[in-house]
């Protein structure tokens, strides 16, 4: 029996307009009644995730910043922080590429530099509700959970593979969309975070279900038995997932959960 269901947000649980499913509240109540713990596993900032679900009386567990921080039952755990003073070479390497934008994702909030374009600021607002504009990222004093890199022009084809190869010994680099990739400490990803959460809650991999659509969901899907790729997912995700569900614009996550509950628990 399933005891935990984890879902990515963008491209997965949320539709293309960044909206939760209309029936999320109803299906969430069904999950609670079936004693299933729901987990949001996202590259988004923790504070942004909290805001998204603030209208609900819930016990949702959050895996934020691609596994860098976990929050459940009122407790937050930072898995492995970086410090800005140790990131000089990485940030300078990123700065050497034209037309990219950098977000320093800290425990206390996100940081961006004050020469950022209006287009980028609009994009940042979608994912980082708590952010601060600074003169120099290298002067930030905070526990750094990850670095998010944005680019609107061939980021995934050009900058992403270069940075991934150059810093593969020091950091884990994973793409989260065609215009974003994330840089974390080695060993930090959604998969390791879900394993920690499984241990904390006494839940096994074969009692866990997960949904994803992009490369930063790979490890998450590998750590559960019941893994689902969205119909709109990257081809690589469809290769590793056991099952496929409808797209994020066709309510794929909710449809798969309803189907499971109807088949196994007779509640829908």
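The values are calculated or read from the model by the stated rules, or taken from the named source; none is laboratory data. What you see is a predicted model, and the numbers here were worked out from it, not measured in a lab. Methodologically, a virtual Cβ is constructed for each residue, glycine included, from the backbone with ideal geometry; neighbour enumeration extends over all protein chains shown.
Here the condition is being at pLDDT 90 or above, touching a helix residue (DSSP H, G or I) at 6+ places or on another chain (Cβ under 8 Å), part of a helix (DSSP H, G or I) and crowded, with 18+ Cβ neighbours inside 10 Å; of 147, 163, 112, it holds for 163 alone. Note on the stretch 166-180: residues that are under 19 Å from residue 79 (Cβ atoms) and out of contact with any helix residue (DSSP H, G or I) (no Cβ under 8 Å at 6 or more places or on another chain) total 1. Scanning the stretch 74-95 for residues that are touching a strand residue (DSSP E or B) at 6+ places or on another chain (Cβ under 8 Å) and either over 25 Å from residue 215 (Cβ atoms) or assigned to a strand (DSSP E or B) (or both) yields 76, 77, 78, 82, 83, 84.
Quick test for you: out of 126, 168, pick the one residue that is within 16 Å of the chain's Cα centre (by Cα), loosely packed, with under 14 Cβ neighbours inside 10 Å and not assigned by TED's automatic domain parsing to the domain that holds residue 232.
Numbers: 168 fails: within 16 Å of the chain's Cα centre (by Cα).
Testing whether each residue is within 16 Å of the chain's Cα centre (by Cα), loosely packed, with under 14 Cβ neighbours inside 10 Å and not assigned by TED's automatic domain parsing to the domain that holds residue 232 leaves just 126.
Kindly indicate whether any position in the stretch 13-22 is in a strand (DSSP E or B), within 15 Å of the chain's Cα centre (by Cα) and at pLDDT 95 or above. No, that holds for no residue.
Going by the structure shown, is residue 135 at pLDDT below 95, loosely packed, with under 14 Cβ neighbours inside 10 Å and in contact with a helix residue (DSSP H, G or I) (Cβ under 8 Å, 6 or more places away or on another chain)? Lay out the reasoning, then the answer.
Values: at pLDDT below 95: yes; loosely packed, with under 14 Cβ neighbours inside 10 Å: yes; in contact with a helix residue (DSSP H, G or I) (Cβ under 8 Å, 6 or more places away or on another chain): no.
So residue 135 fails the test.
Residue 253 fulfils the conditions (1) in a loop (DSSP other than H, G, I, E, B); (2) crowded, with 23+ Cβ neighbours inside 10 Å except for a single criterion, (1). Taking the stretch 191-248 and the strands (runs of 3 or more DSSP E) fully enclosed by it, the elements with 2 or more residues that are in contact with a helix residue (DSSP H, G or I) (Cβ under 9 Å, 6 or more places away or on another chain), crowded, with 24+ Cβ neighbours inside 10 Å and in the same structural domain as residue 37 (by TED's automatic domain parsing) are at 208-212, 226-230. Within the set 5, 70, the sole residue that is under 27 Å from residue 263 (Cβ atoms), touching a residue at least 40 places away in the same chain (Cβ under 8 Å) and in a strand (DSSP E or B) turns out to be 5.
Within the stretch 42-63, take every residue that is in contact (Cβ under 8 Å) with a residue 40 or more places away in the chain and part of a strand (DSSP E or B) and give me the one that is farthest from the chain's Cα centre (by Cα).
Per the criteria, the residue is 61.
Do the conditions hold for residue 124, that is, is it under 18 Å from residue 65 (Cα atoms) and either at pLDDT 90 or above or touching a helix residue (DSSP H, G or I) at 6+ places or on another chain (Cβ under 6 Å) (or both)? For residue 124, the condition - under 18 Å from residue 65 (Cα atoms) and either at pLDDT 90 or above or touching a helix residue (DSSP H, G or I) at 6+ places or on another chain (Cβ under 6 Å) (or both) - is met.
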